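Notes follow the structure.
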Amino acid sequence: MVEIETIDNSVVVGIGKGGSCKTTLATQLSGIWSSEGKRILLADLDMQASATKVVGLDPSQHGDGRHLMDSILYGDELKTVRARDNLDICVAGRHTKALSNHLVTAETAASDFALPFQKAIASGDYDRIVFDLPPSGSSRLADMAMQSGKYLLVPTSSGVDNIEGLRVLAGELEELRSNIVLLGVVLMKIGAGAPRKRAETREQVAEILAGVADPFETIIRDAGAAYDDSRRASLFLHEYAEWATTVSVSNQIQSKIRIPQNLASLAQEFYELADEVDDRIATADKILAGES
Ligand SMILES: Nc1ncnc2c1ncn2[C@@H]1O[C@H](COP(=O)(O)OP(=O)(O)OP(=O)(O)O)[C@@H](O)[C@H]1O
Ligand SMILES: [Mg+2]
């Protein structure tokens, strides 16, 4: 088998069933990194186009995933859409499904998938590419991202099914013959007021990952209402939290706006996580550079 060249500076957010917070993680980290000055390309590989929608774009207004299809199948330059300062997105949509289905039978190799992204990094336009994957095992496009991505971030919440799901991770990577480096597992949606559950979940994850990677220190709290409010406002959590600081209490009462109490803490956790991921990438980059 031909060794696929990895996509430099790429972070794949994947592995996990529907609703495990892959899109939340991929989008919020992309939002924070770009706000801090890193030039990010967020690549939405899910036909549900959730990441596209989180950044506030309507997939049908931006090609519905055609641009990625045209660049993988016909070699066109990858067309991206500006979502924020320093943040471009490769939009998904109904063509993403057609592309993924086509790739199952076509001769197209993972290297053809990787090429437009390798070119995007080589052009110097981006510091990092973040891939948002669909649920595990559901798409050829996701497999190709796993085979050519450099780093992998895996979200999980507590609960037997979620934790047990992590046990298949190593097997899945082996089956795909992927050399992707697991940066760590992010514990998501675990109550801030449940220290025992937090500790237990962390221990379970650490045990499953023993020798492969540690779970991240930062745990993202369960705060569905705060998250949903930010979505309704079409803002990233950190943007919404910043806006919230400008709304006075009297204004909140007058305009009947209710800002969730845990919003600021939730946003802060994503900032801390973004720093932690940055640190692990820097360490892994050094180790990999030393090996080559
Ligand atoms: N901190 C949080 N606390 C509670 N719920 C949250 C939090 N963050 C996100 N959610 C909710 O978790 C759900 C799953 O989010 P997300 O879309 O990120 O999952 P996913 O893994 O990308 O799903 P899919 O496999 O369908 O792509 C969403 O309904 C979202 O509202
Ligand atoms: Mg998703």
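Quick notes on this structure:
- Meets criteria (in contact with a Leu (Cβ under 8 Å, 6 or more places away or on another chain), within 16 Å of ligand 1 (Cβ to nearest atom) and assigned to a loop (DSSP other than H, G, I, E, B)) for ILE259: no
- Filtering segment 2-28 to residues that are within 8 Å of ligand 1 (Cβ to nearest atom) and more than 29 Å from ASP222 (Cβ to Cβ) leaves nothing.
- Segment 146-172: number of residues that are touching a helix residue (DSSP H, G or I) at 6+ places or on another chain (Cβ under 7 Å), small (Gly, Ala, Ser) and surrounded by 23 or more Cβ atoms within 10 Å (Cβ to Cβ): 1
- Hits in segment 1-19 - residues which are of a type in the set (Ser, Thr, Tyr) and crowded, with 23+ Cβ neighbours inside 10 Å: SER10
- Qualifying residue in segment 46-66 (condition: away from ligand 1 (no atom under 14 Å from the Cβ) and β-branched (Val, Ile, Thr)): no
- Matching residues, segment 166-201, being touching a residue at least 40 places away in the same chain (Cβ under 8 Å), closer than 30 Å to ASP8 by Cβ and within 18 Å of the chain's Cα centre (by Cα): LEU166, LEU169, ILE180, VAL181, LEU183, GLY184, VAL186, MET188
- Residue in segment 206-224 that is farthest from ligand 1 (Cβ to nearest atom), counting only those that are surrounded by fewer than 13 Cβ atoms within 10 Å (Cβ to Cβ) and on the phi < 0 side of the Ramachandran plot: ALA210
- The set of residues from segment 104-139 being surrounded by 17 or more Cβ atoms within 10 Å (Cβ to Cβ), within 16 Å of ligand 1 (Cβ to nearest atom) and over 14 Å from the mean Cα position of the chain (by Cα) comprises just one member, SER139.
- Residue in segment 146-155 that is part of a strand (DSSP E or B), of a type in the set (A, V, I, L, M) and within 14 Å of ligand 2 (Cβ to nearest atom) present: yes
- Test result for GLY191, at pLDDT 85 or above, small (Gly, Ala, Ser) and either under 22 Å from ARG280 (Cα atoms) or within 14 Å of ligand 1 (Cβ to nearest atom) (or both): yes
- Tally, over segment 180-205, of residues that are surrounded by fewer than 19 Cβ atoms within 10 Å (Cβ to Cβ) and of a type in the set (Lys, Arg): 3
- Within the option set GLU269, GLU276, being away from ligand 2 (no atom under 16 Å from the Cβ), within 19 Å of VAL154 (Cα to Cα) and surrounded by 19 or more Cβ atoms within 10 Å (Cβ to Cβ) holds for one residue only, GLU269.
- Residue check, ARG84 surrounded by fewer than 24 Cβ atoms within 10 Å (Cβ to Cβ) and within 25 Å of HIS238 (Cβ to Cβ): yes
- Of all residues in segment 228-265, those being exposed (fewer than 13 other Cβ atoms within 10 Å of the Cβ) and either under 23 Å from GLY191 (Cα atoms) or touching a residue at least 24 places away in the same chain (Cβ under 8 Å) (or both) number 4.
- Residues in segment 24-64 that are among the acidic types (Asp, Glu) and within 16 Å of ligand 2 (Cβ to nearest atom): ASP44, ASP46.
- Residue match in segment 249-264 (condition: among the charged types (D, E, K, R) and under 21 Å from VAL55 (Cα atoms)): no
- Subset tally (residues that are more than 20 Å from ASP127 (Cα to Cα) and either surrounded by fewer than 24 Cβ atoms within 10 Å (Cβ to Cβ) or more than 14 Å from the chain's Cα centre (by Cα) (or both)) for segment 24-48: 2
The values are calculated or read from the model by the stated rules, or taken from the named source; none is laboratory data. These numbers were taken from a predicted model, which means no experiment stands behind them. Here Cβ is always computed from backbone atoms with ideal geometry, including for glycine, and neighbour counts include all displayed protein chains.
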